[in-house]
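These notes concern the structure reproduced below.
The values are calculated or read from the model by the stated rules, or taken from the named source; none is laboratory data. Predicted, not measured: the structure shown is a model, and the values here were computed from it. Cβ sites come from the backbone with ideal geometry, for glycine too, and all protein chains shown count toward neighbours. Remember, those area values only see protein heavy atoms, side chains included, never the ligands or the DNA or RNA. Shrake-Rupley method; radii C 1.70, N 1.55, O 1.52, S 1.80 Å.
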Amino acid sequence: MRLLLMGPPGAGKGTQAIVLAGQLGVPHISTGDIFRANVGQGTPLGVEAKRYMDAGEYVPDDVTNAMVRDRLAASDCATGFLLDGYPRTLDQVAYLDSVLGETGTRLDLVAELTVDLDEVVQRLVRRAAEQGRSDDTEEVIRRRLAVYFEQTAPLIESYESRGILVRIDGMGAVADVTQRLASVIADRN
Ligand code: AMP
């Protein structure tokens, strides 16, 4: 199954994606994690990405698209994957469509985690304290949310019009949200 998990920063996508990918036996592809790994290793990609990440802005599409293209070409993605945090712009949607189209495949399901925005900001502030992420200061959190609503929220309508979008309540205990996601995925499988 080829899945995409969507939702604003702090909605719990990463946490859910790790569990679900394990249950489904598909790779979890998080562009944020790949960027952070590159930042940690000091690669040229990491140096470039960090400038944008620290400002709460998106890394340019050409950089992000090329990185995802390489990752999706790996053999572990041949039968399915769980995308987390990509695509985030309409250009990335078109690019992903074309990459998948080359192998005659497409996304099967897009799950949007819906959350209470006040709760999201609190989660992000907590995560900043726990993990020390340099893009989790309050100012950057606000910018990341604004960028999400400007650039990424429109993707939801686009996937909805294809009939592959499901909305899942992302509030409550982590295990309860996982259960909601797993049952929707099982219905579609
Ligand atoms: P995340 O961990 O998914 O919240 O991503 C952290 C940061 O990495 C984002 O705020 C962006 O700066 C960058 N990033 C991750 N995924 C993308 C993407 N698909 N397009 C552009 N920038 C991205």
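Could you pull the accessible area for VAL99 with a 1.4 Å probe, rounded to 10 Å²?
20
Enter the accessible area of GLU57 (Å², nearest 10), with the probe set to 1.4 Å and all protein chains included.
60
Using θ = phi - 60° and the Karplus form 6.51 cos²θ - 1.76 cosθ + 1.60, what ³J(HN,Hα) does each residue of segment 115-127 get, whole Hz, x for Gly and Pro?
Along segment 115-127, the couplings run 9, 7, 5, 4, 5, 4, 4, 4, 4, 5, 5, 4, 4 Hz.
Please state the relative contact order of the chain as a whole percent: Cα pairs under 8 Å, 6+ residues apart? Could you put the intermediate results ahead of the total?
Numbers: 243 pairs, mean separation 63.0, N = 189.
In percent, rounded to a whole number, it is 33.
Ordered by residue, what ³J(HN,Hα) values in Hz, to whole numbers, does segment 162-169 give under the Karplus form 6.51 cos²θ - 1.76 cosθ + 1.60, where θ = phi - 60° and Gly and Pro are x?
7, x, 10, 8, 10, 9, 10, 5
Would you pull out the residues with amide H under 5 Å of MET6's amide H, same chain only if 5 or more places away, H placed 1.01 Å from N?
ALA111, GLU112, LEU113
Find the centroid of the Cα atoms in segment 1-55 and in segment 157-189, then give the distance between the two in whole Å.
Rounded to whole Å, the Cα centres lie 19 Å apart.
Considering only VAL115, GLY14, LEU100, whose Cα is most displaced toward the positive end of the charge dipole of segment 2-181, charges sitting on Cβ of Lys, Arg (+1) and Asp, Glu (-1)?
Projecting each Cα onto the dipole axis, the largest value belongs to GLY14.
Would you calculate a helix-derived [θ] at 222 nm for the chain, using -39,500 (n - 2.57) for each DSSP H run of n ≥ 4 and dividing by the full residue count, to the nearest 500?
Working: 9 runs with 109 residues, N = 189.
The helix-only estimate for the chain comes to -18000 deg cm²/dmol at 222 nm.
Could you tell me which of rounded, prolate or oblate describes segment 86-189, using a ≥ b ≥ c as the square roots of the eigenvalues of the alpha-carbon gyration tensor, with rounded for a/c under 1.5 and, failing that, prolate when a/b is larger than b/c and oblate otherwise? Provide the component values of the computation, followed by the final result.
Details: a/c = 2.22, a/b = 1.39, b/c = 1.60.
Because a/c hits 1.5 or more and a/b fails to exceed b/c, segment 86-189 counts as oblate.
Quick one: among GLY25, GLY40, GLY14, which has the greatest mean-square fluctuation in a GNM of the chain with alpha-carbon springs under 10 angstrom?
GLY40
³J(HN,Hα) across segment 135-148 via Karplus (A = 6.51, B = -1.76, C = 1.60, θ = phi - 60°), whole Hz, x for Gly/Pro?
9, 10, 6, 4, 4, 6, 4, 4, 5, 4, 5, 4, 4, 4
Considering only protein heavy atoms, what per residue accessible area in square angstrom results for the chain with a 1.4 angstrom probe? Please report the intermediate quantities before stating the final value.
Working: 9170 Å² over 189 residues.
Solvent-accessible surface per residue comes out at 49 Å².
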